[in-house]
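Report on the structure given below.
The values are calculated or read from the model by the stated rules, or taken from the named source; none is laboratory data. Values in this document were obtained by computation on a predicted structure and should not be read as measured data. Methodologically, a virtual Cβ is constructed for each residue, glycine included, from the backbone with ideal geometry; neighbour enumeration extends over all protein chains shown.
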Amino acid sequence: MKFRRSTKLLVDVPAVASGDIAFNLIVFFLVCASTQPDTGRSQILPKSEQTQQQKEQDEHLTVDLKRNAILINGDPVKVSEVKARVKAKLAGKSRPDDRVVIVKSTDDVPYHAWIEVTSQIEDAGGIITLQLEEERTVDVPQ
Amino acid sequence: MKMKRKQPKVDIPSVAMGDIAFNLLIFFVILAQSQDDSHIQWTPAKADNLKGSGYTRVTVTIDKDQKVYLNGQELSEGQLASRIETYLGTAPAGQRKVLLKAHSECTAAKFEPVIEAISQAGGELVHILDKKIEQ
């Protein structure tokens, strides 16, 4: 004759450490979120110095950036053509000094347009140099 | 006859020591990441050929209102070069990275002086950008 076992063992999942586990999970994801790697483009810019504008413009390629136009040595070009045009102008120039491209932007040029053009210049082998206009305050005697 | 009361043996529970040490470690790791600029609102511009920016101690951010922040603290452009120089100290080339997080719509009037300040301080400029998705 078979006897049925009447007593069932009640086994609970140990819940004591649940709080600790939850807390550790929160902290883990918090750390992961705050150390998300950034992606970007590095840009090597020469240290700023004051130079004679005319001399610089005669020697180097100049890119004028306006809000709605791009001029390479005074010639208007489309955004998509910048890389090819700069590459053609820099062809045969191996010295870093010869590959300097002066970028002159008007105040209203947005960053996304600027980064697009400068990225293309760098991809074409150019070395970016910014030309900023110096602000001077002149006191007029009365 | 006097019965001596048996002293109860009290031990500090040491089971959770590992958990406590681990939590403390993580707490200080988070504290060490003091460059919290998560409150600054900006949208990155998009570009191709991006690389991982790596670790740096200096991050300059220009937000959507064209305000300039250095490691999450707002400051004027005039103070930027000297403050970056202080952060970079005498770090050798290759360890002088300065991340620039500029809002995609901010204008040259704002971001060019910032780039100039980074250059003046001897920082190695890295633009933080999003990958351009081809249509």
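Do the conditions hold for residue B:92, that is, is it part of a loop (DSSP other than H, G, I, E, B) and more than 17 Å from the chain's Cα centre (by Cα)? Answer is yes for this residue. Against the conditions (1) farther than 26 Å from residue A:120 by Cβ; (2) touching a residue at least 40 places away in the same chain (Cβ under 8 Å); (3) in contact with a Ser or Thr (Cβ under 7 Å, 6 or more places away or on another chain), residue B:71 satisfies every one except (2).
Here residue A:25 does not fit the description of being of a type in the set (A, V, I, L, M), within 27 Å of residue B:126 (Cβ to Cβ) and at pLDDT 75 or above.
If you check every pair at least six apart or on different chains, which have Cβ atoms under 8 Å apart with a residue in the range A:81-107 that is within 23 Å of residue B:116 (Cβ to Cβ) and within 14 Å of chain B (Cβ to nearest Cβ) first and a residue that is among the polar types (S, T, N, Q) and not in a strand (DSSP E or B) second? Filtered contacts from the range A:81-107: A:82/A:120; A:102/A:57; A:102/A:131; A:103/A:118; A:103/A:131; A:104/A:131.
Here B:114, B:98 are screened, and the one residue that is under 21 Å from residue B:51 (Cα atoms) and either touching a Ser or Thr at 6+ places or on another chain (Cβ under 8 Å) or aliphatic (A, V, I, L, M) (or both) is B:98.
The condition (being part of a loop (DSSP other than H, G, I, E, B), at pLDDT below 75, more than 24 Å from residue B:131 (Cα to Cα) and within 13 Å of chain B (Cβ to nearest Cβ)) is satisfied by just one residue among A:46, A:37: A:46. Exactly one residue out of B:116, B:105 is over 16 Å from the mean Cα position of the chain (by Cα), surrounded by fewer than 20 Cβ atoms within 10 Å (Cβ to Cβ) and assigned to a helix (DSSP H, G or I): that is B:116.
For (1) closer than 26 Å to residue B:92 by Cα; (2) aromatic (Phe, Trp, Tyr); (3) at the interface with chain A (Cβ under 9 Å from one of its Cβ atoms), each residue gets a yes or a no:
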{"position": "B:18", "(1), (2), (3)": "no, no, no"}
{"position": "B:21", "(1), (2), (3)": "no, no, no"}
{"position": "B:27", "(1), (2), (3)": "no, yes, yes"}
{"position": "B:39", "(1), (2), (3)": "no, no, no"}
{"position": "B:57", "(1), (2), (3)": "yes, no, no"}
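Would the range B:123-130 turn up any residue that is within 19 Å of residue B:65 (Cβ to Cβ), assigned to a helix (DSSP H, G or I) and either in contact with a His (Cβ under 6 Å, 6 or more places away or on another chain) or within 7 Å of chain A (Cβ to nearest Cβ) (or both)? No. Look at the range B:1-23: where a residue is aromatic (Phe, Trp, Tyr) and a partner is surrounded by 10 or more Cβ atoms within 10 Å (Cβ to Cβ) and not in a loop (DSSP other than H, G, I, E, B), sitting 6+ places away or on another chain with Cβ atoms under 9 Å, you get B:22/A:24. Do we find that residue B:61 is surrounded by 14 or more Cβ atoms within 10 Å (Cβ to Cβ), under 17 Å from the mean Cα position of the chain (by Cα) and part of a loop (DSSP other than H, G, I, E, B) in this structure? It is false that residue B:61 is surrounded by 14 or more Cβ atoms within 10 Å (Cβ to Cβ), under 17 Å from the mean Cα position of the chain (by Cα) and part of a loop (DSSP other than H, G, I, E, B). Among the residues of the range B:90-102, those identified as touching a residue at least 24 places away in the same chain (Cβ under 8 Å) and more than 7 Å from chain A (Cβ to nearest Cβ) are B:93, B:94, B:96, B:97, B:98, B:100, B:101.
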